[in-house]
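Comments concern the structure below.
The values are calculated or read from the model by the stated rules, or taken from the named source; none is laboratory data. Keep in mind that this is a model prediction, so the values were computed, not measured. All Cβ positions, even for glycine, are placed from backbone atoms using ideal geometry, and neighbour counts span all protein chains on display. Side chains are part of the model used for accessible areas, which takes the heavy atoms of the whole protein and leaves out ligands, DNA and RNA. Shrake-Rupley method; radii C 1.70, N 1.55, O 1.52, S 1.80 Å.
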Amino acid sequence: GVIYSEHGRGYFSTASRMKGVSGFHSFTTEVRKLGAEPGSVVVAFEEGQPLSPAFRKHLQTESESGPDFLFLRRVRSIDGDPVALEDAYLPAALYPSATRAMFEGASLYAEMASTWGIVPTWTDALFEPAAATDEEAAHLKIAPGAPVLTVWRVTVTDTDQAVEYVKSVYKGDGFMLNVNRYRL
């Protein structure tokens with residue numbers, strides 16, 4: 001289990017590969033189920049932000065156009081190795097008195113449920129291969145221009161209320177993302 005081979009390509013280390021993380025459930029919970037230690041560092045927390053034009057374009061949303069979002073940028077890691085940079089826009093009205101400290105090192109979904117009674121149920125996502133920008137590369141500790149997988153998603157409750165708009169940039173090596181559509 002330390003190495004694996006791919007016909008015609010060679011042998012590769014499996015030490016940092018994580019299988020089974022779906023990208024839809026709580027990152028924290030999924031990584032712990034795999035026997036690893038999740039990490040989350042908040043690198044930006046801003047109140048009163050509008051949903052960015054890139055989110056509107058990729059998620060094809062016209063709703064909620066005012067500056068009424070909390071913006072949260074986090075670097076997600078597994079056993080100390082950064083694997084994703086996540087930008088989340090949270091409708092501010094749903095998260096009264098949210099603070100940066102509430103999202104430091106903790107599960108966003110656990111905080112949603114325990115503090116505000118919000119239970120994410122479904123998600124729709126758009127997957128897009130890309131090259132890491134300089135900023136993304138710095139956060140993920142990869143070379144600028146390295147391949148990444150960008151996932152744009154909207155998460156809703158069982159009543160179809162949008163509770164987060166997220167862009168996750170996953171580094172392209174040493175990390176596997178398992179994609180299924182299922183109830184959260």
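Laid out as a table, the results:
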read-out	value
Which of Ser5, Ser52 is most accessible, then next, and so on - probe 1.4 Å	Ser5, Ser52
Length added when fully stretched, Glu6-Ala101, from 0.36 nm per residue minus Cα-Cα	29.8 nm
Extension gain (nm, one decimal) between Gln161 and Ala138, 0.36 nm per residue minus Cα-Cα	4.9 nm
C-alpha center-to-center spacing [segment 29-51, segment 96-119] in angstrom	11 Å
Gain upon complete extension [Asp81, Val41; 0.36 nm per residue less C-alpha separation]	13.2 nm
Over segment 97-145: Kirkwood hydrodynamic radius from C-alpha pairwise inverse distances, Å	13.8 Å
Assigned charges on the beta-carbon of Lys, Arg, Asp, Glu; segment 112-165 dipole about Cα centre (debye)	160 debye
